[in-house]
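Undergrad: Below you'll find the structure I mean.
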Amino acid sequence: MSNAWKPQSAEDIENKIVRIAEKYVPEWKYNADNPDIGTVIAQIFARQTEENNRLMSLMPERYHLEFVNMLDINLHRAQPAASIVVFNMDGSVLPGARLPKGTRLSAESAFTDSGYAVFETDRNIYVTESQVKAMFMTDVERGTISPVFGQFDVPDIIDSDSLVPLTEDEDMTEAAPSETTLFSDIVDEEEVVIIPPFTLFGEKTSIGRSILIIYHDRLFDGVDEPIYLRLEDGEDVAARIKSGEFSFQYMSADGFADFDSVKLGEDGKTFTLLKSAECRKVASGDKKYAVVILKCNGIMTDSLEVSGISLSAGGDSRAPEYVGDGSVEMDAARFTPFTDTLAVFNECYIGHDKCFAKNGARITLDFKLSFRENQIRLTMEQEDAELTVIKRKPKKTLFDNPAQVKVNEVIFEYYNGIGWKKLRLDTEYAGLFETGDNGNVHLSFICPDDWKESESGPYSGRCIRMRVVRADNCYMRPAIHTYPVIENLKCAYSYEGKFAAPSKLERIAGTVKEDITERLGSEKPFTILSGSEYAQDMLYIGLDRKLEEGPISLYFQLADTNNQNGVKFRMEYSTATGFKEMRFTDLTEEFTRSGTVMFLPPADMSERIIEGNRLYWIRLIRSKSQKSEGSDVFLPRIARFCLNAVSVTNVQTDDETDYYIDEVMPNMHFGLGADNVLDAEIWVNEMGTLHKEEMERMIGDRPDRVRAEYDFLGRISAFYVLWDEVDNFEEAESRRSYRIDRMTGQLLFGDGTYTDMPRVLDNVAFRARVRSTDGELGNVGEWEIDGFVGDAPYIDSIGNPIRSHGGSNLETLDHALLRGAGMMNSRGKLVSERDYLRHIMEFSDSIDRARVVVGETIDGTGQPSDISIVLLMRDYADGAFSFHRIAALLKKELLKTCELTVSEDNLHIVEPIFVDISVNVWATVMNMDDSFEVQSDVKSVLNSYLNPTRTDSDDGWNIGVIPKESQLLMRLGVLRSRAIIQRVTMIGHYVDAFGEHELDTRDIEVSPFMVVRNGEHKVFVTNK
């Protein structure tokens, strides 16, 4: 064994001085050939230190060993590395495969004797063929339904297939912009499902909506005409519409559009809506409807009721859409309805489809009426033609007086789908055109319900047909025809304060669409707008196959974010009648660390359709909410989620070995045949030292700690008792004790004074099952644990998504000497801050540095009795796995040796608050060709300088210290030969108990829990 004290040469010491000087005083250069005063001092110090080290190294090695033995301390055992392994089935017909605890896995290693590192599973696991097909979360406070993974069909406001084409040539399947949102990761059936990262109960996106959908066949058709919508007992709804929280929209040719004007009437319940475009119709059965929606512009968390919804509309006076005689279109501004030559059955069509579609409305026709005369005489040719037809000569009259022809009777008609039916006006109109009086005419009627569209020349729509029924003397010649002329014809409609119920009423609450038309007839209030139906914060996990066996494992890997709050939860599973609670084992410690949640699947688990997915569902229900402002920052961030994961440890459990002895001697020792021994199960054969009654009593009382072997007559032939390991025999609580010398790998028994020893000579004396580890060699990288030791049928692949961590070798003698010195200094008790720090640093080589903070906690509170231990791990950049692995053990160890006044609740083991320092550097290079190299060198210097852990060239940064800009400029001075640093900025980003912060490092209020970490650096280079 080499000497525990490692001497250093003067050259080694000088080289270390040079490395340290580059960091603290970069402007000074060590020059051994041309020494200045600083170099001379460094050389003198190096030679003096070399001599002191030489004298210390002359101390005999046994003195160091005796020092350790005097304190009666054992070397700290090696610590096994640990990781998580995920298994994938091979796609066989089997639903899964059982993997018992202790299943051996392997990772190739060039540094171990066997060529691979062995890992064993820590728990039983059933690897299932079932896969996650959908995941989503609900948040009752926000009212959100947040998709995590899978496909979710949000119900369309309007079914795209029901939209009426805008033109005859338009495909009926063409839809307005779809309201369907698909949150989907399209995954090939043969690929491994990868769930994207998410914040547990903290996602803000939502696929849920709150919309009221109102249908009517005619009242929404008006363009630039008022639409009246009345909400009975809807004061709350009206207030939120007025505030902008809710809004009205209508279905236009381009999708849903906002109304041009929305005004609330003086009654506080009637809204007047105006729009400048036509509604696109929706077909339902044999009817067509226009659609208006009332939607929440945010996310609702409550519900709103009204006792009724009614509609009305009004139309300003407008010119008709069409005027014609059935074949020729006329000018609607001025036209002769029956031409200038009157005849029975002359017709005039007035078309205004939108106005004449307002069933039940009062429609008015206003126009200016005037009359003109048309004198008709027979020419000679006409007389000859008439004689030819009549075959006789007409009578001669003494006086040639022309006949007077007027429209003696007219009828107004409409088309009811079968034929033309008389339109009943409010006043008698048959002799409207008989008087011959000029003036303004006002006609009105109630629009019939059975008015249908008809064809009239080029026009298709609802029309009024004016038809001449009687016109006396219309065929006599000569004649004077007094024919009407109509000018400025205007059509208008009004419901005269009458309101009608919507034709159809639907609502979307969250992701559920419901027809609520029947509730319009109820006298009771009903809900028109509400949030989702989920009443709790929940995470839903949908599986495509039933879980037949267990334990089933759900793996949650937390992101590398400190100060994450835990989340208490319970679990439920889907059944045919709902959800039932189930028992589970939470190895995440309420989501404060990465780990698995394991459970045995109940037999009555069954499929349910949730959010459009028929799956087997598991849901995690949050039982306690964070109430602090900005609490989302501290909710667990899940970086990875998957099934079929289990923790593994770099442990190799040997087969049980039998040991024999020839004679009973004190202080017997036996080689265990393994390096880095973790522990051993020692079963000592006590046959012959115990009475039969005593053995039978022990079998009944402690069956887990005794074994009995029987001969063919049923008599006990061997009786093994499990013994306990102790650090020293004098303090052993039981005489059935042994020790393990891990430096030599030997098993030690006592001399019989304080503890017993094996005494059976004619049979197996004891049996040993040894567990060992590879120590640091077990710290393998990601996905390197990829094989089985032995066969594993039906398992296609395995891998560790995170590197194995926490593996360490047996404590060295040097470390034990330092620990022993610390024990002597503190007398085995933790009193001062220095005592705590020494004990913490001696506890594990994984700890890079620590700080003790008294009277404060990381959440910004604290009592004078609080002691916070801040640990910076060497592998902090790889996550918090190493921290979580030792935190609980360290706390337990500290509580053993600290003052009695320190309670478990007052001792806090925490990670630092990492401050990510992002540096922007503006530099001027002497030579443009050096620009790329200078950029690389600057980033390299920054990454090295801001690394908080110790390295061979840097000491890192103490916890609670933030570097200053002047220090950074001094460090960048090493590049002054190639670049001039013009300016730097340092921005720090961190998350503490008060939220997320990003500000200049000069403005950061430094906390004793903070430690620096590299952020994103940028270098801007210009040429001199």
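Undergrad: Considering the convex hull of the alpha carbon atoms of the range 913-1023, report its projected area averaged over all viewing directions, in nm², one decimal.
TA: 6.8
Undergrad: Each residue of the range 533-543 in turn: what ³J(HN,Hα) in whole Hz from Karplus with 6.51, -1.76, 1.60 and θ = phi - 60°, glycine and Pro shown as x?
TA: Along the range 533-543, the couplings run 7, 6, 9, 9, 7, 9, 10, 9, 10, x, 10 Hz.
Undergrad: Lys1018: which lysines have alpha carbons under 23 Å from its alpha carbon, excluding same-chain residues fewer than 8 sequence positions away?
TA: Lys23, Lys939, Lys964
Undergrad: For Lys133, enumerate residues with amide H under 5 Å from its amide H, sequence gap 5+ or separate chain, H modeled in the peptide plane.
TA: Excluding prolines and chain starts, which carry no amide H, the hits are Gly542, Leu543, Asp544.
Undergrad: In degrees, nearest 10, range 0 to 90: what is the angle between the Cα axis of helix 692-701 and the longest Cα principal axis of the chain?
TA: It works out to around 30 degrees.
Undergrad: Amide H neighbours of Leu365 under 5 Å, at least 5 residues apart or on other chains, H built in the peptide plane: list them.
TA: Amide H to amide H, under 5 Å and 5 or more residues apart or across chains, Leu365 pairs with Leu443, Ser444.
Undergrad: Aspartates and glutamates near Lys269 by alpha-carbon distance under 12 Å, same-chain residues fewer than 8 away left out - which ones?
TA: Glu232, Asp233, Glu235, Asp236
Undergrad: Considering only the other residues whose Cβ falls under 15 Å of the Cβ of Ser717, what net charge follows from Lys and Arg at +1 and Asp and Glu at -1?
TA: Within the 15 Å Cβ shell, the charges total -2.
Undergrad: Would you mind ranking Met926, Met873 so that the residue whose beta carbon has the fewest other beta carbons within 10 Å leads the list?
TA: Fewest-to-most Cβ neighbours within 10 Å comes out as Met926, Met873.
Undergrad: Give the residues of the range 283-318 whose amide nitrogen is closer than 16 Å to a point set 7 Å from the Cα of Asp233 in the direction of its Cβ.
TA: 303-310
Undergrad: Please order Cys463, Cys898 by the number of other Cβ within 10 Å, starting at the fewest.
TA: Cys898, Cys463
Undergrad: So, counting K/R as plus one and D/E as minus one, what does the shell of residues with Cβ under 9 Å around Ile309 add up to?
TA: Once positives and negatives cancel, what remains is 0.
Undergrad: Follow-up. Strictly over 27 Å apart at the Cα level, which of Lys242/Lys287; Lys133/Lys513; Lys288/Lys421 would you flag in this model?
TA: Checking Cα-Cα distances, Lys242/Lys287 exceed 27 Å.
Undergrad: A further question follows. Using helices alone, I'd like the mean residue ellipticity at 222 nm for the chain: each DSSP H run of four-plus residues gives -39500 (n - 2.57), total over residue count, nearest 500.
TA: Computed mean residue ellipticity for the chain: -4500 deg cm²/dmol.
Undergrad: Report Rg (one decimal) and Dmax (nearest whole number) for the range 829-911, counting Cα atoms only, units Å.
TA: In Å, with Rg to one decimal and Dmax whole: 12.1, 36.
Undergrad: I would also like to ask the following. Between the alpha-carbon centers of the range 643-669 and the range 848-865, tell me the distance in whole angstrom.
TA: Distance between centres, Cα-based: 42 Å.
Undergrad: Would you please give the FRET efficiency between Gln48 and Glu725, computed as 1/(1 + (r/R0)^6) with r the Cβ-Cβ distance and R0 = 60 Å, to the nearest 0.05?
TA: That gives a FRET efficiency of 0.80.
Undergrad: Kindly write out, for the range 239-256 in residue order, the coupling ³J(HN,Hα) from the Karplus curve 6.51 cos²θ - 1.76 cosθ + 1.60 (θ = phi - 60°), rounded to whole Hz, with x marking Gly and Pro.
TA: Going residue by residue, I get 5, 7, 5, 5, 7, x, 5, 10, 8, 8, 9, 10, 7, 9, 5, 9, x, 6 Hz, with x marking Gly and Pro.
Undergrad: Here is a follow-up. Please work out which option in (1) 29.8, 92; (2) 47.0, 171; (3) 69.0, 209 gives Rg and Dmax of the Cα atoms in Å calculated from these coordinates, and answer with its label.
TA: Label of the calculated value: (2).
Undergrad: Quick one: length gained pulling Glu1016 to Ser717 fully straight, 0.36 nm per residue minus the C-alpha distance?
TA: 100.5 nm
Undergrad: Here is a follow-up. Assuming R0 = 56 Å, can you tell me the calculated FRET efficiency for the pair Ser865 and Glu305, based on Cβ-Cβ distance, to the nearest 0.05?
TA: In this case the efficiency is close to 0.55.
Undergrad: If each of Asp153 and Arg19 carries a label point 7 Å out from its Cα toward its Cβ, how far apart are those two points in nm?
TA: 6.6
Undergrad: Here is a follow-up. First measure r as the distance between the Cβ atoms of Ile609 and Arg362, then evaluate 1/(1 + (r/R0)^6) with R0 = 45 Å and state the FRET efficiency to the nearest 0.05.
TA: 0.35
Undergrad: Quick check: pseudo-label points 7 Å beyond the Cα along Cα→Cβ at Arg372 and Asn667, how many nm apart are they?
TA: 14.1
Undergrad: Based on other C-beta atoms within 10 Å, arrange Leu837, Leu311 from fewest to most.
TA: Result, fewest neighbours first: Leu837, Leu311.
Undergrad: What list of ³J(HN,Hα) couplings, whole Hz, do you get for the range 99-110 from phi and the Karplus terms 6.51, -1.76, 1.60, once you set θ to phi - 60° and write x for glycine and proline?
TA: Couplings: 10, x, 4, x, 4, 8, 10, 9, 9, 5, 8, 7 Hz.
Undergrad: Moving on to the next point. Hey, what angle do you get for helix 10-24 against the long axis of the chain, alpha-carbon based, 0 to 90 degrees rounded to 10?
TA: Between the helix axis and the principal axis of the chain, the angle is about 30 degrees.
Undergrad: Under 11 Å from the Cβ of Asn438, count the other residues' Cβ atoms, weight Lys and Arg +1, Asp and Glu -1, and hand me the total.
TA: Result for the neighbourhood of Asn438: 0.
Undergrad: Would you calculate the separation in nanometres between label points at Ala257 and Asp762, each defined as 7 Å from the Cα along the Cα-to-beta-carbon direction?
TA: 10.7
A short reminder: the numbers here are calculations on the coordinates, not readings from a lab. Being a predicted model, the structure only gives us computed values, none of them experimental. Note that we place each Cβ from the backbone using ideal geometry, even for glycine, and neighbour counts take in every protein chain shown.
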